[in-house]
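Here, each number is a calculation from the coordinates, and none is a lab measurement. Predicted, not measured: the structure shown is a model, and the values here were computed from it. Glycine gets a Cβ as well: all are built from the backbone with ideal geometry, and neighbour counts include every protein chain shown.
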Amino acid sequence: MSVKRSELLARCIPILDAAKDGKPVEDSFVELKSELPEEAKAARVLAGSANAAGGESVIWLVGIDEKSRKVVGASKDELSSWYPSLERSFDGPAPKLSMVENIPTGSQIVVAMVFETDEAPYVVTRGQDSRDVPWREGNRTRSAYRQELVRTLDAPSLLPVVDVPSAAFRSKRDSSGHVSQIIFHAQIYVKPRNDRTVVFPRHDCKAFVEIPGSLPKTPFDSIWLFPAEDRLKNSVVPDDVNFNGPKALYLMAFIGPVFGFNGQKAKVEVSLLPVNSRQPVVIQQEVTLQVEPETTKRLHQEANDIDPWKPRPFRL
């Protein structure tokens with residue numbers, strides 16, 4: 001999954017701060033390097049991380065020594081010859097270098113490199129007739145086990161295709177007419193790529209909203225996902241969702257009154273992690289926040305109904 005520049009900075013700066021403060025780096029897919037390592041050795045470490053990443057991007061931060069917790073600085077000019085040489089150590093494709101950014105840290109510069117991992121498994125050469133499929137485990141790189149190779153090869157096929165026929169925001173108001181909660185509604189249609197049962201655990205569902213120039217990427221307070229046919233059943237409590245064929249689902253994400261309905265475009269990102277997959281299904285939707293019309297007392301009461309399953313039309 002590719003990383004945007006803003007996401008890269010938001011992810012790397014806390015890691016650099018933690019490293020300088022002597023705290024461990026908790027992100028499994030971020031490597032700290034004091035300098036660019038020798039290409040053949042770097043290829044095996046990078047391949048191991050990329051094979052274990054399950055489709056997530058791998059990030060290297062060059063210019064900081066994890067052991068001494070000192071920023072020693074680096075320059076991305078060195079990459080012009082280093083990366084092409086590293087690619088030659090792979091039998092087949094190497095993890096694609098998709099982004100290089102200089103991150104100022106005090107008086108020094110740390111170079112952040114983002115590698116994409118969607119062509120796994122990655123194989124490195126070890127002599128004329130020898131090959132290896134590395135695997136990263138903790139802080140060491142070893143050869144992959146059979147079950148890990150099977151999982152790497154099968155992981156992309158586990159991710160279903162998701163369509164979003166409709167999506168909208170609705171506000172919930174208190175007795176005085178003030179917005180007390182904002183709810184994102186979406187109808188989604190999931191199409192599995194195989195005949196296996198797809199399970200979306202409730203605790204692995206996440207959603208975020210962002211309004212460029214107004215609201216940074218912010219998590220929703222809670223998210224509900226359930227079969228579309230259960231939407232009008234008052235007794236249904238959202239739980240894990242499982243199915244083994246095409247399925248219409250309904251999604252609701254709740255957040256406090258952190259923005260208004262003033263014509264801006266809100267970007268919503270929903271992440272659903274299927275069981276037995278290291279890579280989530282990501283849904284991205286852009287919805288215009290239109291000004292709500294004047295409502296009657298009856299409609300205010302409807303909006304404040306404590307029963308979230310009561311049928312009501314969408315309104316912006």
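Going Cα to Cα from LYS23, which lysines come in below 19 Å? Please leave out same-chain ones fewer than 8 positions away. Within the straight-line cut-off, LYS23 pairs with LYS33, LYS67, LYS70. Remark: relative contact order (segment 80-239) = 11 percent; criterion is Cα-Cα distance under 8 angstrom and separation of 6 or more residues. Listed by chain and number, the lysines whose alpha-carbon sits under 18 Å from that of LYS4, ignoring those within fewer than 8 places in the same chain, are LYS96, LYS217, LYS267. Packing, as the average of other Cβ atoms within 10 Å across residues, places the peptides 178-187, 5-14 in the order 178-187, 5-14, highest first. Using a ≥ b ≥ c from the Cα gyration tensor of segment 98-196 (square roots of the eigenvalues), is it rounded, prolate or oblate, where a/c under 1.5 gives rounded and otherwise the larger of a/b and b/c decides, a/b for prolate? Here segment 98-196 falls in the oblate category. In percent, rounded to a whole number, the relative contact order of segment 1-137 is 29, using alpha-carbon pairs under 8 Å and six or more apart. Shape analysis of segment 75-144 based on the Cα gyration tensor places the equivalent ellipsoid semi-axes at 27, 15, 11 Å, largest first. Take the alpha carbon gyration tensor of segment 1-103, find the square roots of its eigenvalues, order them as a ≥ b ≥ c, and report rounded if a/c is under 1.5; if not, report prolate when a/b exceeds b/c, else oblate. Cα axes put segment 1-103 in the prolate bin.
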